[in-house]
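The values are calculated or read from the model by the stated rules, or taken from the named source; none is laboratory data. Please read all numbers here as calculations on a predicted model, not as lab measurements. Because the Cβ atoms are built from the backbone with ideal geometry, glycine has one as well, and the counts that use them run over all protein chains shown. Note: areas computed on protein heavy atoms with side chains; ligands, DNA, RNA excluded. Shrake-Rupley method; radii C 1.70, N 1.55, O 1.52, S 1.80 Å.
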Amino acid sequence: MQLSLAGINHRTAPVAVREKVAISADRLHDSLAVLHRYVPHGIILSTCNRSEIYAAGSRNDDVSKACIEFLKDTTHLADDGLCQHIYILSGRDLVKHLFEVTCGLDSMVIGEYEVLGQVRQSLEAAEKAGMVNLPLRHIFQSAIRSGRRAREETGISKNALSISSIAVNKALDIIPDISNAKIIIIGAGEAGRLAVKVAGSRGASKIVVVSRTEERAVSLTAELGGRPASPEQLTQELCDANIVITCAASPHPVLRVKQVSEAMRKRPGWPMIVLDIAMPRNVEPAIQEIDNVHLYNIDDLNDIANGHRQQREREISTVEKIIGEEVDMLMKWWQFYRVRPVIKSIMAKAEKIRSTQYNRSLRKLPSLSVEERLSIDLLTRSIVDKLLRDPIMYLRSAKGTDHSEFISRLYSLDNDGDHEK
Ligand SMILES: NC(=O)c1ccc[n+]([C@@H]2O[C@H](COP(=O)([O-])OP(=O)(O)OC[C@H]3O[C@@H](n4cnc5c(N)ncnc54)[C@H](OP(=O)(O)O)[C@@H]3O)[C@@H](O)[C@H]2O)c1
């Protein structure tokens, strides 16, 4: 059994590449079905910070290569446009990486809460698609548990920021007083809700929520303030907007050059700040060519996120200790799991030899009493147990090294890496 991870994230690829690889929640089910053509078991984790494929296959499969092929075939990038951004991890590095992801250490916004839910949803989607085997399930569940531990036992997520709050902070850098600024938020999902909440808490009083589904904007604004608007009203609403935050999970732009140009023509000389935190991006990048329009995408928020990271340095090292403990525990389990089929095969082969020899001897010694037979039976069992004890202990404990193949050859085992599902 081998495990492999192939992915790109906010450190290895710019938003323009990440958005081409990103798999939105509504495409996840179909994408898992496609992934199944490449690997027998796999989980897709696609968030605004990363797109990663965690996969498992038998010893003879080239799982890493299959994951890269999947990423290449399902994105519209040329080979070199993608491969230079991909990282491949396996073994302990893979496990440590996933634990860092769930603990929020791998995110642009350190300690963010959202990623924990996103990892859980990825696991659930893959379970529904029948793509999860025991090691993947165990690794993901342990990673989710570590993510919870990190948040309960350390201050890594205390007053945690989100990308939405970082976007509002970026707007505040440019317009320090937003109490009279008109803020349009496009998208009434989780990110939109957070943006409305934070903007409201920073004193914004003119918030407009634009949503494809009217009821969502209506209920969001009824709960948190602001007023709802439809996508048809957007161009009109833009005419006097100071700040626009876009966070719709749309595969196509929801804010286009034509709309913004039309609105800007009606307000010459008056700036508009547009913060696009969606993945894929919601805004046609060419709007930054329009006079007085200042466009920022998710990568442009890095400076604020880095400042936030520095404030959490001490918490990061405490979380790293938790990750170290949890990874050690998981690697012990993995070592045992990995060698279990070989151990089972050696024991089965030894027992077959012992019982064959025992029965053959009994046929030659028909006069033995029941007690004598039992003694020989116990004696042969104990010899086999003692002979196997040391190699089995060694197999279970050999850190990081998989001797299964060597042992299989040494004992001529008929071991096909059969693991429990
Ligand atoms: N959640 C976060 O913390 C977070 C952080 C950073 C960035 N983001 C990004 O923000 C975006 C939204 O994430 P989310 O977590 O808020 O998702 P979500 O809770 O699933 O909400 C998705 C929102 O997008 C709208 N939407 C979906 N497809 C659309 C389309 N074709 N046209 C217009 N609107 C559409 C939905 O409208 P309906 O109600 O009509 O379906 C809904 O309002 C994503 O691109 C995500 O990567 C999210």
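Does ILE86 qualify as being among the β-branched types (Val, Ile, Thr), in contact with a Ser or Thr (Cβ under 9 Å, 6 or more places away or on another chain) and under 15 Å from CYS67 (Cβ atoms)? Write out each step before concluding.
Numbers: among the β-branched types (Val, Ile, Thr): yes; in contact with a Ser or Thr (Cβ under 9 Å, 6 or more places away or on another chain): yes; under 15 Å from CYS67 (Cβ atoms): yes.
It is true that ILE86 is among the β-branched types (Val, Ile, Thr), in contact with a Ser or Thr (Cβ under 9 Å, 6 or more places away or on another chain) and under 15 Å from CYS67 (Cβ atoms).
When you go through (1) under 26 Å from LEU98 (Cα atoms); (2) in contact with a Ser or Thr (Cβ under 9 Å, 6 or more places away or on another chain); (3) among the charged types (D, E, K, R) one by one for ARG340, which number turns out not to apply?
Answer for ARG340: the failing condition is (2).
Could you pull out the residue among GLU190, GLU223, GLU237 that is out of contact with any strand residue (DSSP E or B) (no Cβ under 7 Å at 6 or more places or on another chain) and without any contact (Cβ under 8 Å) to a residue 60 or more places away in the chain? Give the steps one after another, and end with the answer.
Values: GLU190 fails: without any contact (Cβ under 8 Å) to a residue 60 or more places away in the chain; GLU237 fails: out of contact with any strand residue (DSSP E or B) (no Cβ under 7 Å at 6 or more places or on another chain).
Matching residue, one of GLU190, GLU223, GLU237: GLU223.
Would you mind stating whether GLY200 is near the ligand (Cβ under 9 Å from one of its atoms), at negative phi and small (Gly, Ala, Ser)? Spell out how you get there, then give the answer.
On the way: near the ligand (Cβ under 9 Å from one of its atoms): no; at negative phi: yes; small (Gly, Ala, Ser): yes.
The answer is no for GLY200.
Across the range 7-46, which residue is farthest from PRO135 (Cα to Cα) among those that are hydroxyl-bearing (Ser, Thr, Tyr) and within 13 Å of the ligand (Cβ to nearest atom)?
Within the range 7-46, the subset hydroxyl-bearing (Ser, Thr, Tyr) is 12, 24, 31, 38, 46.
Cutting the leftovers down to within 13 Å of the ligand (Cβ to nearest atom) gives us 24, 46.
On the way: SER24: 25, SER46: 20 Å.
Filtering first and then ranking leaves SER24.
Just checking, how many residues over the range 141-193 are open to solvent by less than 40 Å² (accessible area, probe 1.4 Å) and under 29 Å from GLU127 (Cα atoms)?
15
For the range 265-303, how many residues are within 16 Å of the ligand (Cβ to nearest atom), assigned to a helix (DSSP H, G or I) and open to solvent by less than 30 Å² (accessible area, probe 1.4 Å)?
Residues flagged as within 16 Å of the ligand (Cβ to nearest atom), assigned to a helix (DSSP H, G or I) and open to solvent by less than 30 Å² (accessible area, probe 1.4 Å) within the range 265-303 amount to 2.
Name the residue, out of ILE346, ILE383, ILE407, that is modelled with pLDDT of 95 or more and either open to solvent by 90 Å² or more (accessible area, probe 1.4 Å) or out of contact with any Asp or Glu (no Cβ under 8 Å at 6 or more places or on another chain) (or both).
Numbers: ILE346 fails: modelled with pLDDT of 95 or more; ILE407 fails: modelled with pLDDT of 95 or more.
Going through ILE346, ILE383, ILE407 in turn, just one is modelled with pLDDT of 95 or more and either open to solvent by 90 Å² or more (accessible area, probe 1.4 Å) or out of contact with any Asp or Glu (no Cβ under 8 Å at 6 or more places or on another chain) (or both): ILE383.
Out of the residues in the range 207-264 that are part of a loop (DSSP other than H, G, I, E, B) and more than 10 Å from the ligand (Cβ to nearest atom), state the one that is nearest to ASN169 (Cα to Cα). Steps first, please.
Initial filter on the range 207-264 (part of a loop (DSSP other than H, G, I, E, B)): 211-213, 225-226, 230, 239-242, 247-254, 256.
When the remaining residues are screened for being more than 10 Å from the ligand (Cβ to nearest atom), the result is 225-226, 230, 239-242, 256.
Details: GLY225: 19, GLY226: 19, SER230: 26, CYS239: 23, ASP240: 21, ALA241: 17, ASN242: 14, ARG256: 24 Å.
Checked the range 207-264; the qualifying residue nearest to ASN169 (Cα to Cα) is ASN242.
Go through the residues of the range 133-149 one by one and say whether even a single one is within 16 Å of the ligand (Cβ to nearest atom) and polar (S, T, N, Q).
Checked the range 133-149: no residue is within 16 Å of the ligand (Cβ to nearest atom) and polar (S, T, N, Q).
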